[in-house]
Amino acid sequence: MTPATVLDLPMSPQAALSRPRAFVELERVTHTYGRGERQVQALMETNLRIEEGDFIALVGPSGCGKSTILKLVTGLINASSGYVYVAGREVGAEPVRVGMAFQNPTLLPWLTLLENVMLPLKIVPPFRQEYRAKRKSEFRDRIEALLSQVGLAGFSNKYPWQLSGGMMQRASLCRALIHEPQLLMLDEPFGALDQFTREELWGVMQELWMTRKPTVLLVTHDLKEAAYLANRICVMQARPGRIIDDSAVPFPRPRTIVMSYYPDFTALTQRLREMIVHAQPAKEAAP
Amino acid sequence: MNQQLRRRMGSTALIIGFFVVWEVLCLGFGVRDIVLPRPSEIVITLVSRFPGIWPHAVQTIYTTLVGFALGILFGVLIGVLIGSSRLAYDVGYPLLVGFSSIPKVAVVPIFVLWFGAGTVPAVLTAMILCIFPIVVNVATGLATTEPELEDVMRALKASKLDILINVGLPRAMPYFFASLKVAVTQAFVGTVIAETVASNKGIGNLMMIASSSFDVPLVFAGLLILAVLGVGLYVLFSFIEVRVTGWARRNDEFAMG
Ligand SMILES: Nc1ncnc2c1ncn2[C@@H]1O[C@H](COP(=O)(O)OP(=O)(O)OP(=O)(O)O)[C@@H](O)[C@H]1O
Ligand SMILES: [Mg+2]
């Protein structure tokens, strides 16, 4: 595992060329939504490097641009300025399997849970070809196994509207994982879950990362979750959105829930908390 | 279930009541059957002259269904084109609106000029009358697809075609079926217009001849057949609709599979 890098500073073009590209790299990325009067600057001159197989958590106040970063890295939106590279190429062209769990579950309402989770297998190569070659029943078993891992056994024939919010979120997590992505984007994947289910899924997630070593970018509001799961935690600030801190998480793996009550663990979450609180921009007077 | 049964019985009773009131009013005010025949007279005419009416009814159904099928085919194609491309939308929509504002009776003579009197103009009239609601609804369904749902596919690097097949079309299905229910009645209108103007077969023609000889019960028998056919197709499509688009109404029967 590469050691955590300190907060990247804007570099000269030469420096950028001489340095090998990381698996995911944001270079002076600025993103503004909308035009003219209603313009919102979501992200400002942001640099971020993620090495292959790393696990990064993004934390920060609501509206600071976390989801925006994920969408930029998956190529769902294009940066207003700056560059986004994935696997050495500009985003969009890279032959990398990407899995994304959106902040809202966004399951397709006309498909059952099983069919929803099947979707990536229908689309993404090499599974796409296998899907055509009628390996569906094999896929089905795999999906059932994954669903039962997140506690959704027996729900595979339900439609999304027949599920609770937390169940939909877990299904959406399964959809992000089923095609064994090399790059995993998780936007608050455990946000709608109770404490115990959440902790259970942290365990599942950690095990998955330790065995398959995908590159993970996790957005979360739960600092304990960030410290439990990630190798590096990036703290963001709002208005304008940017990364103000990048710290390594030194705890050995596999981490356990008990560890999260150790003094150095709580010290870390405490420090992150302070940072986010202090980074809040002074309350602006109402316009 | 009980409540549903009661609702059905209520609506059936009301429909029967409508015909009963019609019958009673005609009897009570002594309305002559050359003005407005009573339902019972219409049914008697229908039954007693059935062998003469039947071939016309078959002709009308046939024409309507062929026109309707063509309407669905081209309607969906044009709708997909307009709904999935900004340029096609900007060009196609004004054209379509302009075209649909033309009274369709006016185009029948043109079709007759091109294809001769008979079945072909009727099929084409049925088609162009039913195509507009299909195109508009399919296009609307596609154009209003939630970007979040498309994002799910785009994050997987799905092609435009994959997105259309897996998200756009299923998403447009409720709109499509809603349009079919309007379109099928429109197809009947188109057929009957063309038959009235330029054909020697079909219910439209039958009614034209009947009205010119003041055979009013026969005219109404023709109308009744059209109404029944229309309702029949409407029911058929509603039935398919529930199976296919139950998700949009969170229908329990749909969820049972
Ligand atoms: N489609 C959009 N159009 C206009 N503005 C947007 C859009 N999406 C996001 N924004 C704005 O960009 C900023 C950052 O949004 P983003 O969704 O990245 O925040 P976030 O960090 O994910 O917040 P949260 O923790 O609440 O999910 C917000 O101020 C938001 O108002
Ligand atoms: Mg967000």
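The values are calculated or read from the model by the stated rules, or taken from the named source; none is laboratory data. Just so it is clear, the model here is predicted, and its values are computed rather than measured. Cβ placement follows ideal geometry from the backbone for every residue including glycine, while neighbour counts extend to all protein chains displayed.
Below is a table of values for the structure above.
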item	result
Test: residue in the range A:33-49 that is within 14 Å of chain B (Cβ to nearest Cβ) and within 11 Å of ligand 1 (Cβ to nearest atom)	yes
Hey, A:PHE190 within 13 Å of chain B (Cβ to nearest Cβ) and either under 18 Å from the mean Cα position of the chain (by Cα) or at pLDDT below 90 (or both) or not	no
Helices (runs of 4 or more DSSP H) completely within the range B:136-218 that count 1 or more residues being within 14 Å of another protein chain (Cβ to nearest Cβ)	B:147-155, B:160-163, B:169-198
Meets criteria (surrounded by fewer than 18 Cβ atoms within 10 Å (Cβ to Cβ) and more than 30 Å from A:ARG175 (Cβ to Cβ)) for B:VAL182	yes
Condition broken by A:THR32, with the remaining ones in (1) at pLDDT below 90; (2) more than 16 Å from ligand 2 (Cβ to nearest atom); (3) over 26 Å from A:ALA176 (Cα atoms) satisfied	(1)
Those residues of the range A:221-258 which are surrounded by fewer than 22 Cβ atoms within 10 Å (Cβ to Cβ), among the hydroxyl-bearing types (Ser, Thr, Tyr) and either within 16 Å of ligand 2 (Cβ to nearest atom) or without any contact (Cβ under 8 Å) to a residue 60 or more places away in the chain (or both), in sequence order	A:THR256
Verdict on B:PHE111 being over 21 Å from B:LEU226 (Cα atoms) and in contact with a Ser or Thr (Cβ under 9 Å, 6 or more places away or on another chain)	yes
Filter result for B:VAL123 (within 30 Å of B:SER199 (Cα to Cα), touching a helix residue (DSSP H, G or I) at 6+ places or on another chain (Cβ under 8 Å) and more than 11 Å from chain A (Cβ to nearest Cβ))	yes
Breaking point among (1) away from chain B (no Cβ under 11 Å); (2) part of a helix (DSSP H, G or I); (3) farther than 29 Å from A:ILE50 by Cα, for A:TRP161	(1)
Matching entry among B:ILE240, B:ILE225 (being loosely packed, with under 13 Cβ neighbours inside 10 Å, part of a helix (DSSP H, G or I) and not hydroxyl-bearing (Ser, Thr, Tyr))	B:ILE240
Residue in the range B:99-119 that is in a helix (DSSP H, G or I), within 14 Å of another protein chain (Cβ to nearest Cβ) and either over 28 Å from B:ARG249 (Cβ atoms) or among the β-branched types (Val, Ile, Thr) (or both) present	no
Candidates A:LEU113, A:LEU108, filtered to the one that is more than 9 Å from chain B (Cβ to nearest Cβ) and on the phi < 0 side of the Ramachandran plot	A:LEU113
Considering residues of the range A:56-82 that are assigned to a strand (DSSP E or B) and surrounded by 19 or more Cβ atoms within 10 Å (Cβ to Cβ) only, the residue farthest from ligand 2 (Cβ to nearest atom)	A:ILE56
Residue satisfying all of: in the range A:205-247; away from ligand 1 (no atom under 12 Å from the Cβ) and among the charged types (D, E, K, R); farthest from A:LEU272 (Cα to Cα) among these	A:ARG212
Checking A:GLY75 against (1) more than 16 Å from ligand 1 (Cβ to nearest atom); (2) touching a Gly at 6+ places or on another chain (Cβ under 6 Å); (3) facing another protein chain (nearest Cβ under 10 Å), the condition it does not meet	(1)
